[in-house]
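A short write-up of the structure that comes next.
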Amino acid sequence: MKLFHPLLPKIFLAPLLLISFLTAPASSFAQVAKRAKSPPVADSGAVDWDQFLIKGEPNPTLRIPAAHQHAATGCYGYLYVTREEIWYEVLAPAKDKDHAFRLPRNTLTDARQWRFMGTTMPEVEFKFSNGKVFHFFRVRQSYLDRADLGTAKFGWDDVVSWEPLAQAATDFDQIVRIAEQRQAALAPKPIPSVSLSVDPPNVEKGHPVTITWSAANATNVDLEPGIGDVPVSGSRTVTPEETTTYVLTAQGPGGGNNTSRSVTVNAPAAPPAIVLVEPALTSSGQLVEVTASPLVIRGIVMDSAGIPVVLINGAPAALRPKSAQAAEFSSDPMVLQPGDNRFEISAVSPSNAEAKVVFLARYAPPAPPPTPPPAPPSNPKALAKADIIQLLNGDVTSARVARLVKERGIKFNPSDDDLNDIRAAGGKNDLIEALRQVAAGQ
């Protein structure tokens, strides 16, 4: 680092140079003005603008290490540029703190290259509408970070470039865009985040589970085993045959990440035992002949996990527990229809195992009793027992009464006592025989 500022010899020559400038022809000033021009932003490709951007939107700020040339030495610190302001923070030396300033950026009237008295080191000249003029050149950041900052002098070889100072002030928005794009390009890419769930985590074999997943900052997502490429989020229903660990893997610009979840597949529980007592069955699917209706179904149900729920054709059966694992069950009386009647008895255990028994009850209603033949129409002239005895007592012959019995019929079925009474009244064998014949024919 140089402790001798190259401007010192020129300071002693300043009066003579100033006189020569004042007496120089107009063409000399034109040549100086021609050399003074604003740097194009196109030249900024070599500048890592992201190192100057210290605050993003909505109020970005550019901070550039800069030296302020004044008197014989100068001071150095940071030049700050925002959309609204330009200000200079003096870091050292302490005696030059008064060279700091803060002005609205819209009061900047010119920012261009400036060479003092034809020197080879280009500076940038800031002119403001209030008449203030400042000369700056940029120094290395590492120089500003030195521990002996308060006492060191800067030299021309510490200059990096003067253009960023002018460009930051005159093309602020474009420079900020360049800086933000570079920061975004250099920023580390986030590692993908992944989330995976399996519901339920425990199932019996043959039962489905739902896998739900999501990923962020990922371009490719894979779910294994057996599924493959999937969208960044979604769900899938699967039926695993055995205990399985599902692995979700996501790949993105920031690398890869994965997570896993397992589902335990258990052997199915044994179904309950159903024993039908009425009607008695040896196996499911039987055909049973039934002669009476209504039918009441009775049986016993058993399961080691507890008393099952029993349904008969979808209706709950009445249960009468016999132990912690067994109960008698019965249905309400069910009216049968002629022909085949289908019945299904299902039992579901507390572990959701199910058993079923199905049978057909074939019902044939009994035949109705035969209808007796209609009774012959009664003969109003038929003779009663008293009529026959009255005729005999009235001296009507037995033969004559026998003919009347055959012609008119009788109103009674003569018993042996009836026949004895008629004999006693004078009835002969012809009458007795006629009575028996007529009674047999009725």
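Tabulated values for the structure
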read-out: Where a residue in region 315-335 is closer than 23 Å to residue 292 by Cα and its partner, wherever it lies, is aromatic (Phe, Trp, Tyr), with Cβ under 9 Å and at least six apart; value: 317/329; 318/329; 331/343; 334/343
read-out: In region 286-317, residue nearest to residue 342 (Cα to Cα) [restricted to those that are among the small types (Gly, Ala, Ser) and touching a Leu at 6+ places or on another chain (Cβ under 8 Å)]; value: 293
read-out: Scan of region 239-269 for residues that are of a type in the set (Ser, Thr, Tyr) and part of a strand (DSSP E or B), ordered by number; value: 244, 245, 246, 249, 259, 260, 262, 264
read-out: One residue from 410, 422, 388, 345 being among the hydrophobic types (A, V, I, L, M, F, W, C) and within 30 Å of residue 306 (Cα to Cα); value: 345
read-out: Residue 356, sole failed condition from (1) surrounded by fewer than 11 Cβ atoms within 10 Å (Cβ to Cβ); (2) touching a residue at least 12 places away in the same chain (Cβ under 8 Å); value: (1)
read-out: Any hit, region 368-376, residues being in contact (Cβ under 8 Å) with a residue 12 or more places away in the chain and not β-branched (Val, Ile, Thr); value: yes
read-out: Residue tally, condition within 29 Å of residue 184 (Cβ to Cβ) and among the polar types (S, T, N, Q), over region 206-257; value: 8
read-out: Number of positions in region 392-414 that are part of a helix (DSSP H, G or I) and not hydrophobic (A, V, I, L, M, F, W, C); value: 7
read-out: Conditions (1) out of contact with any Lys or Arg (no Cβ under 8 Å at 6 or more places or on another chain); (2) under 13 Å from residue 358 (Cα atoms); (3) assigned to a loop (DSSP other than H, G, I, E, B); number of the one not met by residue 323; value: (2)
read-out: Positions within region 298-320 being of a type in the set (Gly, Ala, Ser) and not in a strand (DSSP E or B), in sequence order; value: 304, 305, 306, 314, 317
read-out: Odd one out for residue 368, checked against (1) loosely packed, with under 14 Cβ neighbours inside 10 Å; (2) assigned by TED's automatic domain parsing to the domain that holds residue 281; (3) not small (Gly, Ala, Ser); value: (2)
read-out: Unmet requirement for residue 150, which otherwise passes all of (1) within 18 Å of residue 84 (Cα to Cα); (2) at pLDDT below 75; (3) of a type in the set (Gly, Ala, Ser); value: (1)
read-out: Counted residues, region 81-95 - those being buried (at least 19 other Cβ atoms within 10 Å of the Cβ) and within 28 Å of residue 57 (Cβ to Cβ); value: 3
read-out: Long-range neighbours under 6 Å by Cβ, at least six apart or interchain, first residue under 15 Å from residue 209 (Cβ atoms) and not assigned by TED's automatic domain parsing to the domain that holds residue 206 within region 230-259, second among the charged types (D, E, K, R) and loosely packed, with under 13 Cβ neighbours inside 10 Å; value: none
read-out: Scope region 385-417; condition surrounded by 14 or more Cβ atoms within 10 Å (Cβ to Cβ) and of a type in the set (A, V, I, L, M); matching residues; value: 388, 389, 391, 392, 396, 401, 402, 404, 405, 410
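This table checks each residue for (1) farther than 30 Å from residue 340 by Cα; (2) under 60 Å from the mean Cα position of the chain (by Cα); (3) part of a helix (DSSP H, G or I); (4) of a type in the set (Val, Ile, Thr).
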{"position": "365", "(1), (2), (3), (4)": "no, yes, no, no"}
{"position": "379", "(1), (2), (3), (4)": "yes, no, no, no"}
{"position": "386", "(1), (2), (3), (4)": "yes, no, yes, no"}
{"position": "422", "(1), (2), (3), (4)": "yes, no, yes, yes"}
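The values are calculated or read from the model by the stated rules, or taken from the named source; none is laboratory data. In this text, all values refer to a predicted model and were calculated from it rather than measured experimentally. Here the Cβ is made from the backbone with ideal geometry for all residues, glycine too, and neighbour counts use every protein chain on show.
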